[in-house]
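Below is one structure, written out as structure tokens; the observations come after it.
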Amino acid sequence: MSNLDRDYCLQLDRQDPLAALREEFDLPAGVIYLDGNSLGARPKAALQRAQQVVQQEWGSDLIKSWNKAGWFDLPSRLGNQLASLIGAAENEVVVTDSTSINLFKAIAAALQIQTKDAQRKTIITERSNFPTDIYMAEGLTRWLDRGYRIVLIDSPEELPQVVNSETALLMLTHVNYRSGYLHDMAAVTALAHHHGALMLWDLAHTAGAVPVDLHAAEADFAVGCTYKYLNGGPGAPAFIWVPQRHQAAFSHPLTGWWGHAAPFAMQPTFEPTAGIRRALCGTQPITSLALVECGLDVFEKTDMQAIRKKSLALSELFIALVESRCGGHPLQLVTPRDPDRRGSQASFTHPHGYAVMQALIERGVIGDYREPAILRFGFTPLYTRFVDVWDAVEVLRDILDSEAYDRHAERHAVT
Ligand SMILES: *Cc1c(COP(=O)(O)O)cnc(C)c1O
């Protein structure tokens, strides 16, 4: 990258095999959107689909749509569509509930499977994990009151020392939401299994951004979001993966009627259905769920290898530009430089991180801020251009050079 200028970035865009996919999204003019890791942009098709669901399926067809429009099958149909992006097989994924709720189900099922071994009393995760993952494990184990302990590690290097014969479950987020650190899924899963522990992966910052092969890694359970890199819409239902080999033993306490073997038999006793739909609880939010399909459809026009290649090229370019063009400023990269250990984002600390991000957003460069002092920029290869990366760094440089930020900026509820 000797000749790193704006023209070079435009040239990269002309050579980009994914360039045309930007047309699938409706992005506001004058905005460089580097926050698709928090809320993916809107696929153009979503507007029409929303209108179809509300007007035709709900408005005109009313209750008939549960059958006629395939509403009832939607969680499994979308799950099958999503499966290929994460190395899952047919009938192993459902799109349903939130990531938090799906974590609860998966943790509960894992602990249930492990009860045959009374000494397995620990759940291991990272202190830097997304808080809800830790909270859900804590909430469930406190409520169970059976002596489970949550062990929080501060570095992946601790894993070989802490995973042992007392470990019931190792629960990690594949790509860290804040630093962008990417775990070696196969190696970590093998470590868990070597000690008889089960392995649960949270793919919130992986699905749609980083290729993953759950079967090749022999993982046990996985959950993830559809409103981040999968562009399913704000608060869109999440997904849960249970491989065929664990489905019969997959038992969780949220035994709602949608997980029943015969929901419309209306029996007074619960009997779980065979297969992945036992991970469902109750009636699904159909309008939200329907829009997830518009996000997934875009992925049918490309493949995860091409997405990964562009994702790394974007983050590599961003890091190189920030370090060369904003060199005199106190910015520190917290994302791994090693591309094999990096997700699809780049995070830098700055002592006035929140204020700098507010100034960026005011000037149309949308990233986000995460405690402590982290400026986070996500790269969505489906709609982010190389020239966007150049322009975003130029705005950042200008803000830092001119100190055009209010260091006492008031915090919004959502940062
Ligand atoms: C975004 C994210 C979540 C969000 O969970 P919700 O239940 O959708 O609020 C959970 N875990 C991780 C690791 C995330 O990145």
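Summary table below
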item	result
Stokes-Einstein translational diffusion, segment 359-415 - Kirkwood Rh over all Cα pairs, 1.306 mPa s, 10 °C, in µm²/s	126
Inter-site label distance for His193 and Asp297 at 7 Å from Cα along Cβ, in nm	3.8
For segment 188-258: rounded, prolate or oblate by the Cα gyration tensor [a/c cutoff 1.5]	oblate
Exceeding the 23 Å Cα-Cα cut-off - candidates Lys228/Lys310; Lys44/Lys68; Lys228/Lys309; Lys228/Lys301	Lys44/Lys68
Highest average packing first - 206-215, 364-373, Cβ atoms within 10 Å	206-215, 364-373
Accessible carbon and sulfur surface of segment 253-351 relative to its total accessible area, %, 1.4 Å	54
Tensor-based shape of the chain (alpha-carbon gyration tensor, a/c under 1.5 rounded, otherwise prolate or oblate)	oblate
Additional length obtainable on full extension of the chain from Leu254 to Ala118, 0.36 nm per residue less Cα span	46.6 nm
Apportionment of accessible area to carbon and sulfur, segment 1-138, percent (1.4 Å)	54
Order by protection proxy (mean Cβ within 10 Å, highest first), peptides 399-408, 166-175, 352-361	166-175, 352-361, 399-408
Neighbourhood charge, 14 Å Cβ-Cβ cut-off, centred on His215 and excluding it, Lys, Arg +1 and Asp, Glu -1	-4
Segment 8-136 shape via C-alpha gyration tensor axes, a/c threshold 1.5	oblate
Residue-wise HN-Hα coupling along segment 31-43, computed from phi with Karplus coefficients 6.51, -1.76, 1.60 (Hz; x: Gly, Pro)	10, 9, 9, 10, 10, x, 7, 10, 9, x, 5, 8, x
Farthest positive-ward along the chain dipole, Cα basis, beta-carbon charges - from Met266, Ala222, Pro253	Met266
Within the chain, percent of DSSP bridges classed antiparallel, to nearest 5	55
Accessible area in square angstrom per residue, the chain, 1.4 angstrom probe	43
Ellipsoid equivalent to segment 142-287 - semi-axes via the Cα gyration tensor, in Å	29, 21, 14
Solvent-accessible surface ranking, highest first, for Ile101, Ile124 at 1.4 angstrom	Ile101, Ile124
Förster radius 25 Å - calculated FRET efficiency between Gln15 and Glu394, Cβ distance, rounded to 0.05	0.70
Theoretical ellipticity at 222 nm over the chain - DSSP helices of four or more residues, -39500 (n - 2.57) apiece, nearest 500	-10500 deg cm²/dmol
Gained length - Ala89 relative to Ser402, 0.36 nm times residue gap less alpha-carbon distance	107.4 nm
Extension gain (nm, one decimal) between Leu27 and Glu138, 0.36 nm per residue minus Cα-Cα	36.0 nm
Separation in nanometres of the label points that stand 7 Å from Cα toward Cβ, at Phe264 and Leu333	5.7
Projected area averaged over orientations for segment 1-57, convex hull of C-alpha atoms, nm²	5.9
Calculated FRET efficiency for the pair Ala186/Asp7, C-beta based, R₀ 35 Å, to 0.05	0.30
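The values are calculated or read from the model by the stated rules, or taken from the named source; none is laboratory data. Remember, predicted model here, so these are calculated numbers, not experimental data. Virtual Cβ from ideal backbone geometry, glycine too; neighbours counted across all protein chains shown. Just the protein is used for accessible areas: all its heavy atoms, side chains included, with ligands, DNA and RNA removed. Shrake-Rupley method; radii C 1.70, N 1.55, O 1.52, S 1.80 Å.
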